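The values are calculated or read from the model by the stated rules, or taken from the named source; none is laboratory data. Since the structure is predicted, the reported quantities are computational estimates derived from the model, not experimental observations. Here Cβ is always computed from backbone atoms with ideal geometry, including for glycine, and neighbour counts include all displayed protein chains.
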Amino acid sequence: MFKLRHIFKPADAQQEREFERANVENKRGRYLETNPLARYERDLVYREKVDRIKAGIGEPNGLVLDIGGNTAGEATLLKQLGYDIIVGDINETALDISRERVEKFGLKAPGYVALDVHQLPFKDQSFSAVTVIEALHHFVNYDQALKEIHRVLKPGGKLFSLEPYALNPLRRASEVRDRLRATIEKSFYISQLTRLCQDAGFVNVNVASVPTGRSSWKLEEVPAYRRPITRLHAWLSVNAPSVFGTLRLEAKKAGTIAENGKPELAQLFCSPKNRNDLRRDADKKHWVEANGQHAFPELNGIPVLIAEDAIALK
């Protein structure tokens, strides 16, 4: 629904969560009908995207966290390709759709955690790599989000992201429409994204505009009246990436990475409210802080470790 007030007051994280829940529920059937592995094999643009992520994070060594993964298409594929990957999103409904889909198609499942990037429920130095694929621009506070990502990366760990380019006039026009829909939709300049990462503590920050097309699966969901402009946009992205391309971000946390085995996911959890250790209460299907002050729910076995969802116990 279009609301004039959203021009002046951008959506917050919880409004974004509500928007994405409704959005993914509307597409549930389509998601569940699509085998990510078949899509990777048939959709050349999508395959190039996944291969670009693989190149960005390197060989499948260590634990990878994919933040803002939605229904976890890319994370699911990386899991099939040998990566030990956890996917997190503020929308637990999207993660549950992914869980249902991998069961339907007999695929290896990534780990799932519902989370808010601004308060990641993981201990310091938990991951060898973090990916944020077309999601960073949805976050409310870039500084806080990037500092949290930096915190959970191991020394020497990698950050890889793909994000929309603010020079793209077609992209900027769509942002106005999406802001009216009460969703967070923005884009970045190269210098802006570089500075944000450096301010968060990252080193070897490299941001460049790269050519991208439009995947056939994505094009199918575009209304017929918008397809000509969408196809034009895709052509311009491939042929004029210096303006219409996608930003590829690669950065590192200073230091040398040391792999010390792969702990169970639950061993990495901490409370998003106070970083207390968490333990699972199997009977009540909750995750409880070590100090007993708060508990966090599950959705079909997926931990929902979001501060706003905390249940006060004392």
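Tabulated values for the structure
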| read-out | value |
| --- | --- |
| Residue count for the range 16-59, restricted to those that are within 16 Å of LEU107 (Cβ to Cβ) and either among the β-branched types (Val, Ile, Thr) or not in a helix (DSSP H, G or I) (or both) | 3 |
| Filter pass, ARG172 being at pLDDT 95 or above, surrounded by fewer than 18 Cβ atoms within 10 Å (Cβ to Cβ) and basic (Lys, Arg) | no |
| Of the criteria (1) touching a helix residue (DSSP H, G or I) at 6+ places or on another chain (Cβ under 7 Å); (2) among the aliphatic types (A, V, I, L, M); (3) not assigned by TED's automatic domain parsing to the domain that holds ASP143, which one ALA282 fails | (1) |
| Residue match in the range 138-159 (condition: surrounded by fewer than 23 Cβ atoms within 10 Å (Cβ to Cβ), in contact with a strand residue (DSSP E or B) (Cβ under 8 Å, 6 or more places away or on another chain) and without any contact (Cβ under 8 Å) to a residue 40 or more places away in the chain) | no |
| ILE306 surrounded by 16 or more Cβ atoms within 10 Å (Cβ to Cβ) and not assigned by TED's automatic domain parsing to the domain that holds ILE190 | yes |
| Contacts under 6 angstrom Cβ, first residue in the range 198-221 being within 19 Å of TYR165 (Cβ to Cβ), partner part of a loop (DSSP other than H, G, I, E, B) and of a type in the set (D, E, K, R), 6 or more apart | SER215/ASP43 |
| Output for the range 214-259, where each listed residue is over 29 Å from PRO155 (Cβ atoms) and aliphatic (A, V, I, L, M) | LEU219, VAL222, ALA224, ILE229, LEU232, ALA234, LEU236, VAL238, ALA240, VAL243 |
| Lone unmet requirement of (1) surrounded by fewer than 18 Cβ atoms within 10 Å (Cβ to Cβ); (2) more than 30 Å from LYS123 (Cα to Cα); (3) at pLDDT 95 or above for PRO36 | (1) |
| GLU59 vs. criteria in contact (Cβ under 8 Å) with a residue 40 or more places away in the chain and either within 24 Å of GLU148 (Cα to Cα) or assigned by TED's automatic domain parsing to the domain that holds LEU247 (or both) | no |
| Strands (runs of 3 or more DSSP E) wholly inside the range 71-169 that include at least 2 residues being closer than 23 Å to ARG47 by Cα, of a type outside the set (Gly, Ala, Ser) and outside the structural domain of ALA310 (by TED's automatic domain parsing) | 84-89, 127-133, 153-164 |
| Leading residue by the ranking (modelled with the highest pLDDT) among those in the range 250-279 that are of a type in the set (Lys, Arg) and in contact with a helix residue (DSSP H, G or I) (Cβ under 7 Å, 6 or more places away or on another chain) | LYS253 |
| Out of SER209, SER237, sole residue that is at negative phi, surrounded by 16 or more Cβ atoms within 10 Å (Cβ to Cβ) and assigned to a helix (DSSP H, G or I) | SER237 |
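Okay, residues lined up against (1) without any contact (Cβ under 8 Å) to a residue 12 or more places away in the chain; (2) more than 23 Å from the chain's Cα centre (by Cα):
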residue: ALA224; (1), (2): yes, yes
residue: HIS233; (1), (2): no, yes
residue: LEU247; (1), (2): no, no
residue: ALA251; (1), (2): no, no
residue: THR256; (1), (2): no, yes
residue: ALA266; (1), (2): no, no
residue: LYS285; (1), (2): no, yes
residue: GLU289; (1), (2): no, yes
residue: GLY301; (1), (2): no, no
